[in-house]
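Okay, so here's the structure we're looking at.
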Amino acid sequence: MNEASGEFSASGGREAPIRVELSGVAASSGIGIGVAFVVDRRRVQIPRTKIEREQIEEETRRVQDALRAVRQQIEAIKGRLPHGEHRQILKAQQMMLRDPDLIERTETLIREELRCAEWAVSTVADEIHEMLDRADDAYFRERRSDIIFLSERVVLALIGENTPEIVPPPGSVVIAHDLSPADTAQLHRLQVAGIVTAAGGKTSHSAIMARSLQIPAVVGVAGVLGKVQSGEPVVVDGVRGVVIVRPAADEVVSREGERDRYNAFEERVQREHAFPAITQDGLRVVTRANLAITEDIELGSRYGAEGIGLFRSEYMYMNREALPTEEEHYRTAKAVIRRYTPYPVIVRTFDLGSDKPSKLVSFAKNEANPAMGLRSIRLALRERELFLEQLRGLLRAAVHGPLRIMLPLVSSIEELEDGLEAVEEAREQLEAAGMAYASEVPVGVMIETPAAALIADLLAARVDFMSIGTNDLIQYTLAVDRDNDDVDYLYQPLHPAILRLIRAVAEAGARADVPVSLCGEMAADPRYTWVLVGLGITELSMSPSAVPVIKHIIRGSQAAEMRALCEEVLASNSARDASALVVAAMRRRFPEHLRHGGGAASEGDD
Ligand code: PEP
Ligand code: MG
């Protein structure tokens, strides 16, 4: 991380403190200005004593009690928060505290090695931590801090202490090595101005929490703890990923102006979230939400989404003990349909495998290359009974409203035909069983591989809709692992190959009169809205909180200028040139717009 020391300025014959500018990862958009509150947390001292055999039962019970106590602590924090993604994170942590494998391992250490409860808990946490440390996947590595925070809470509960709360005065900028999601949730209540952490990346849970609670945050600022003391003024620029310690007085004034403009812009965007997204020259763009977990179902409507463009049903198979039944698929889909009717709900059939494993579904073991292995539709066709179970539930739910079924990672006509045949078979099974089901459910495909994009015309002839999943399309086209930080710089949504593929799919859809939407992270990044609409995409599906800003951009634009920019961008021969054009255009037209904290893009624009 860079450090650029700033000006010295003379004041009253004494040197003013040195201004320091540090850079990190822009984790949550917005600008926070306040006084530093440095969190100095000492690690908990873990008692490591051996127990007697007769104490085994007692120690095991203490573990159960402590787990329950921590779940209750988290429940209390959750109860004080507004609805949103942040609550899901806390809920996931509560679920981790119920993980039977974790509990079993802890109890085994107590029973077989006669370790006291605190020692057993921390040993298991260390083992998991080590395992995550070795993970290739950035997402799993980020989960290390979850384990540390949770095990510390449990150990404190065991020794009869409460986890010390961080209580900064309102308006503070909290500076810490790392923060747990629970800490971050409390900070929201205390109205802090910003968060800076030395550890963490964009997908760390505290970053996601900060984003969801709209607290400006910069994470991964190496060495920040040694460079600032409590009480010193700090600016957190969560837009550019910059932290300024001890800014000059005139800089504070100009940053305050920037902050106020940013906040006014955000407020306006939120106020208008329910208005439709129609360009000034009359082009209607549909904005839908992506959802992952059923508890999220309110989120899309709260942010003004016109239905669900991607329901990631595979999460129903993850982090749980039993496979979802036909009945559960039916009830879940019905609940989402009820919430969004008359808008459509597009349920993607389970997209398991590769980065989304489920211990409940047998996978090809030791795949050398899981991203290219038995995943998504390939797995569904192999695990046909599971697939049919889901399809039957969905066809039954479709009686209640406009449900659509979407098949993931299709790469050939044969695969599509096999998928369509499975839908037909599920229908026949329901017919034979005398169950009520919808006979006319639209079925579509995701376009996530270059192969699918290149045969979009052939696919379009057989489906009711197509949806471009740019997260995977970029990964497979550019041969860049979407979760590998080391090749992050190559993950370029504006690469000419990607733009040409999106255009080809949009054109194939238009020729066949088959709607084409786009549901990858590109849809959520305001920098790409003009290019996507210019390419002919008029249905976008994105994380719910991005809907208001994307609608705002569309309402403030002309389709004609979007197309004109798109032509220019298509003529550029590199992602770098395309990015420069796009950023310059957006800055010109939306000077108040600053980058959305959750943006997935990697082309540097600042
Ligand atoms: C995609 O690949 O763009 C997509 C939306 O699916 P997921 O991110 O769930 O793989
Ligand atoms: Mg995908």
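Just so it is clear, none of the values below were taken in a lab; they were calculated from the coordinates. Quick caveat, the model's predicted, so the values are computed rather than measured. Cβ: placed from backbone, ideal geometry, glycine included. Neighbour counts: every protein chain shown.
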Margin query: I'd like the antiparallel share, as a percent to the nearest 5, of DSSP beta bridges with both residues in the chain.
Written below: 40 percent
Note to self: From the phi angles alone, apply the Karplus equation (6.51, -1.76, 1.60; θ = phi - 60°) to the range 488-504 and give each ³J(HN,Hα) in whole Hz, x where the residue is Gly or Pro.
What the structure shows: 3, 5, 8, 7, 10, x, 9, 4, x, 5, 5, 4, 5, 5, 4, 4, 4
Checklist line | Spin-label model distance (nm) - Ala479 vs Arg111, 7 Å beyond Cα toward Cβ | finding: 5.1 nm
Note to self: Greater than 28 Å separation of Cα atoms is the criterion. Which listed pairs, Lys91/Lys227; Lys50/Lys356; Lys356/Lys551; Lys334/Lys356; Lys227/Lys356, meet it?
What the structure shows: Lys91/Lys227; Lys50/Lys356; Lys356/Lys551; Lys227/Lys356
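Please sort by residue number the trypsin sites (Lys or Arg not before Pro) in the range 254-320 whose DSSP state is loop and whose Cβ has at most 16 other Cβ atoms within 10 Å.
On the way: sites: Arg255, Arg259, Arg261, Arg268, Arg271, Arg284, Arg288, Arg302, Arg312, Arg320; in loops: Arg320.
Listed in order of number, the matching sites are Arg320.
Using helices alone, what [θ] at 222 nm do you get for the chain, with -39,500 (n - 2.57) per DSSP H run of 4 or more residues, divided over all residues and rounded to the nearest 500? Spell out each step's value before the answer.
Values: 22 runs with 268 residues, N = 606.
Helix-only estimate at 222 nm: -14000 deg cm²/dmol.
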Check: Measuring from label point to label point, each 7 Å out along Cα→Cβ, what is the Val35 to Lys356 span in nm?
Finding: 4.8 nm
Next item on the list: Would you pull out the residues with amide H under 5 Å of Ala27's amide H, same chain only if 5 or more places away, H placed 1.01 Å from N?
Entry: Ala217, Val218, Val219
Next item on the list: Considering the options Ile147, Leu114, Val39, tell which one lies farthest towards the positive end of the dipole of the chain, charges being +1 on Lys and Arg and -1 on Asp and Glu at the Cβ, about the Cα centre.
Entry: Val39
Checklist line | Unit charges on C-beta of K, R, D, E only; dipole of the chain, Debye | finding: 1360 debye
Checklist line | Backbone HN-Hα couplings from phi across the range 379-384 [Karplus 6.51/-1.76/1.60, Hz, Gly and Pro as x] | finding: 5, 4, 5, 6, 9, 4
Next item on the list: State, to one decimal in nm, how far the label point of Arg331 lies from the label point of Arg563, with both points 7 Å from Cα in the Cβ direction.
Entry: 5.0 nm
